Amino acid sequence: MPLAIRSAALNDVPPILAIEQQAPSAAHWTREQYNQLVSSGVVLVAEEAGRLCGFVCAQAVAGEWEIENVVVAAGLLRRGIANELIRALIRRAKDEAASALLLEVRESNLAARGLYEKHGFREVGRRPTYYENPAEDAILYTLRLEP
């Protein structure tokens, strides 16, 4: 069954929460925070056979988009779902004339770092001991988008 990427709707928030709660390294937010992001930010979901299998969230501020969360359902990792979500987010950011995509990621999250680098993101800095449990640096990435 092909993977479909689409904008999230408010009725996607419960399955988004379920997927996020399975991922210990994801940012964990409340239902209200996801409702707000779906209403005012950018949330794309990946769907296969009518089942939500991943999502990406971003906030747009002054022409730059910050990726807040990229999560794939626990049993569906390593199938290219995050790759397709990032590809769709980049396309959407370009369509909406964003100047850049920004994010931070745990230094030890080599899979995510590789994914971002594959899409052209470049390491631009670090935030020492940004993460807790365990304490770890955040690596900052930027992807500049051509107008």
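The values are calculated or read from the model by the stated rules, or taken from the named source; none is laboratory data. Predicted model only: the values in this text are computed from it and were never measured. Using ideal geometry, Cβ is built from the backbone for each residue, glycine included, and neighbour counts are taken over all protein chains shown.
Checking 58, 49, 88 one by one, the residue that is of a type in the set (Gly, Ala, Ser), more than 18 Å from residue 109 (Cα to Cα) and in contact with a Phe, Trp or Tyr (Cβ under 6 Å, 6 or more places away or on another chain) is 58 and no other. Taken over the range 109-129, the criterion of being over 26 Å from residue 94 (Cα atoms) and either at pLDDT below 90 or among the hydroxyl-bearing types (Ser, Thr, Tyr) (or both) is satisfied by 129 alone. Of all residues in the range 42-58, exactly one satisfies the criterion of being free of Cβ contacts under 8 Å to residues at least 24 places away in the same chain and of a type in the set (Gly, Ala, Ser), namely 50.
Results for (1) under 22 Å from residue 43 (Cα atoms); (2) aliphatic (A, V, I, L, M); (3) in contact with a Gly (Cβ under 9 Å, 6 or more places away or on another chain), shown as yes or no for each residue.
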position	(1), (2), (3)
80	yes, no, no
83	yes, no, no
86	yes, yes, no
120	yes, no, no
123	no, no, no
128	no, no, no
134	no, no, no
139	no, yes, yes
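Just so you know, in the range 63-79 the residues that are in contact (Cβ under 8 Å) with a residue 12 or more places away in the chain and farther than 29 Å from residue 129 by Cβ include one that is surrounded by the fewest Cβ atoms within 10 Å (Cβ to Cβ), and it is 63. Screening the candidates 96, 146, 132 for the property of being under 20 Å from residue 55 (Cβ atoms), modelled with pLDDT under 95 and exposed (fewer than 13 other Cβ atoms within 10 Å of the Cβ) yields one hit, 96.
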